[in-house]
Amino acid sequence: MATLAGSRVNRYALFRVFKYTVYLLLAYNVYAFFLENHAAAGAIFADGIHLGRVIEAYNDSIDTLAWVLLLLVFELETFVLPDEKIRGWVKWALNATSAFCYLFIVYSFYGYVAEMASLTNLLPVTQSACALAGGGDWLLVLGQDDYAPLTAESCAALADAQVLRLADAQVLGTVETWSAIKWLAWTDVINAGAWLLVVAILAFDVWLQLRHQLSDAVMRYSQVIKALLYSTLLLCAIYWGINGSFLDFWDAFLWLVAFFFIELNLFEWQAETSAEE
């Protein structure tokens, strides 16, 4: 027991409050990413967003929502629900929710790859940037998902710079800006791919554990592989912290903390089962 403000408070209860606070912060990030994506989509898709490009326009928010639901499923499987309860309709409901989430997570991964592919198709701007500014339809890219109208004032800064444009949109920027955006887009792809491998291994661990087949040897191999993947994810978070937005870094950090809790749940679950056997 620990003492807090003159009263004795169970440390385990404090730990659970901290854990579920992290989960709530991740749920709030769905809304934060929606606002960010909506602002960028309004700039890029000025003529409206076709159904087939919704995933590209709102990739971050859809991806985060699916991950929050999947996190809740893992929490239920590894901590909240006892083994004997994960049967029948409960098991099918959890599996159906997981499948729904995996569908959007894989589709979001495709969205990141599609965004990366679009950045490889940049064309040189043959006209003067200031000549394009008079049209009023052109945008200047300032960073990833950050655009501003191309004006007479902003085009003046491009006078001595090499300027490129997106092939399928009226968006232009300097070579240096596009290069930085490409690195961030590659980070998105690597991060999403690493997370897909993490949850695939974690889902396999849970599947074995429910059958009482998750041995200590399998756990060790699983932990080594996931440690490499988590290290990759940490490097992506650090890169976002240095070169990206704070929201990307904060979201990545929270996800690492959240899945640390899931890993603790799984470790304790497997240890309890081994002790009983």
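Values for this structure:
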{"read-out": "Kirkwood Rh and Cα Rg combined as Rg/Rh, the chain", "value": "1.08"}
{"read-out": "Amide proton proximity set for Y147, modelled H, under 5 Å, gap of 5+", "value": "L142"}
{"read-out": "Principal-axis tilt of helix 175-210 within the chain, Cα atoms, nearest 10 degrees", "value": "20"}
{"read-out": "Accessible area expressed per residue, segment 70-166, with surrounding protein chains retained (probe 1.4 Å, Å²)", "value": "56"}
{"read-out": "Cα-based shape type of segment 124-261, given that a ≥ b ≥ c are square roots of the gyration tensor eigenvalues and the cut on a/c is 1.5", "value": "prolate"}
{"read-out": "Sulfur and carbon atoms: percent of accessible area, the chain [1.4 Å]", "value": "65"}
{"read-out": "For the chain: relative contact order, % (alpha-carbon pairs under 8 angstrom, 6 or more apart)", "value": "18"}
{"read-out": "Residues of type lysines that K182 reaches as a straight line, Cα spacing below 30 Å, ignoring anything fewer than 8 places off in the same chain", "value": "K226"}
{"read-out": "V17 - accessible surface, heavy atoms, 1.4 Å probe, Å² rounded to 10", "value": "90"}
{"read-out": "For L196, net neighbour charge (Lys/Arg +1, Asp/Glu -1) across residues whose Cβ lies under 14 Å away", "value": "-1"}
{"read-out": "Cα-centre dipole for the chain with unit charges at Cβ (Lys and Arg positive, Asp and Glu negative), debye to 20", "value": "620"}
{"read-out": "Where D63, D145, D137, D160 fall by accessible area, highest first, once all protein chains stay in place (1.4 Å)", "value": "D160, D137, D145, D63"}
{"read-out": "Residue with peak Gaussian network fluctuation, the chain [Cα springs, cutoff 10 Å], from L70, L254, L103", "value": "L103"}
{"read-out": "GNM top mover of I201, I105, I262 - the chain, alpha-carbon springs below 10 Å", "value": "I201"}
{"read-out": "Total charge dipole magnitude, segment 65-164, about the Cα centre, Cβ charges on Lys, Arg, Asp, Glu only, Debye to nearest 20", "value": "420"}
{"read-out": "Nearest-ten-degree value, helix 216-243 long axis tilted from longest Cα axis of the chain", "value": "30"}
{"read-out": "Residue-level accessible surface for I181, protein heavy atoms, 1.4 Å, Å²", "value": "10"}
{"read-out": "Reachable aspartates and glutamates from K85, criterion Cα separation under 16 angstrom, eight or more residues apart if same chain", "value": "E75, E77"}
{"read-out": "Segment 187-277: radius of gyration over Cα atoms, expressed as a fraction of 2.2 N^0.38 Å", "value": "1.22"}
{"read-out": "Segment 230-277, Cα convex hull volume normalised per residue, Å³", "value": "45"}
{"read-out": "Spread of Cα-to-Cα distances over 10 Å intervals beginning at zero, given as percent, for segment 154-201", "value": "23, 35, 22, 15, 5, 0"}
{"read-out": "Crossing angle, helix 59-75 versus the chain [Cα axis fit, 0-90 degrees, rounded to tens]", "value": "0"}
{"read-out": "Partnerless cysteines, meaning none of the other Cys C-beta atoms lie under 4.7 Å away, in the chain", "value": "C101, C236"}
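The values are calculated or read from the model by the stated rules, or taken from the named source; none is laboratory data. Predicted, not measured: the structure shown is a model, and the values here were computed from it. All Cβ positions, even for glycine, are placed from backbone atoms using ideal geometry, and neighbour counts span all protein chains on display. Heads up: the accessible areas ignore ligands, DNA and RNA and are worked out on the full protein's heavy atoms, side chains in. Shrake-Rupley method; radii C 1.70, N 1.55, O 1.52, S 1.80 Å.
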